[in-house]
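Structure, as structure tokens:
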Amino acid sequence: RRPELCMQALTHVSHPRAASCGGGYQLLEFLGDAVLGLVASLWAFREGGSAESMTCHRSLLVSNGPLAAAAVRAGLHSRLRAGAGSLTAAVQRFAAAYQAARAACGPGQEVEVTTAEGLRKSRRAEKQKQQRRQQQQQQSKKKDKSDKDAPQEPQQQQEQQQQQGA
């Protein structure tokens, strides 16, 4: 309905005619980021889990890697209007590498794309999860050991206490 918005959404500020189409995609990016963040938050909430895991899922959904892959699948990379040749070349290299990786995958398999930052966050979250599990296991072992080491009252004392309580 609004082809001028499509043109603006695909125009990088480095493009010579960016000013003539609203200054490039930055204003639409601001709005799109908010909408995408809301949709991703609702999806993560529906999936459930701890606040930390929902935050991690949301950030993985809205990070550059998966969004760049979705743009390539939709063919948007070929419609990008940019004045900087290095940006266009980087986008084309990513698109070619992603498409080659998808072609190499078997049917029904998907290529996982992430940024270096996303990979670090994912590894950090996994490490924290493992540390929590180890702490819980250690606490459980300590509790089991203290239960075993606790002195047991003789049967007679237990019966007396039960009679006194009745």
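For the stretch 1-140, the residue among A9, A100, L42 whose Cα projects farthest onto the positive side of the dipole built from Cβ charges is A100. Ignoring lysines fewer than eight residues from K141 along the same chain, the ones with Cα atoms less than 24 angstrom from its Cα are K127, K129.
When you filter the trypsin sites (Lys or Arg not before Pro) in the stretch 1-87 for DSSP loop state and at most 10 other Cβ atoms inside 10 Å of their Cβ, you are left with R1. Near T11, the amide H atoms lying under 5 Å from its own belong to Y25, R81; only residues 5 or more places off or on other chains count, and H is placed 1.01 Å from N.
If you sort the three axes of the alpha carbon gyration tensor as a ≥ b ≥ c, you get a/c of 1.5 or more for the stretch 1-46 and a/b above b/c, which makes it prolate.
Each value in this text was obtained by applying a stated rule to the coordinates, not by laboratory testing. The model shown is predicted, which means the values in this text are computed figures rather than measured ones. Note: ideal-geometry Cβ built from the backbone for every residue, glycine included; neighbour counts use all protein chains shown.
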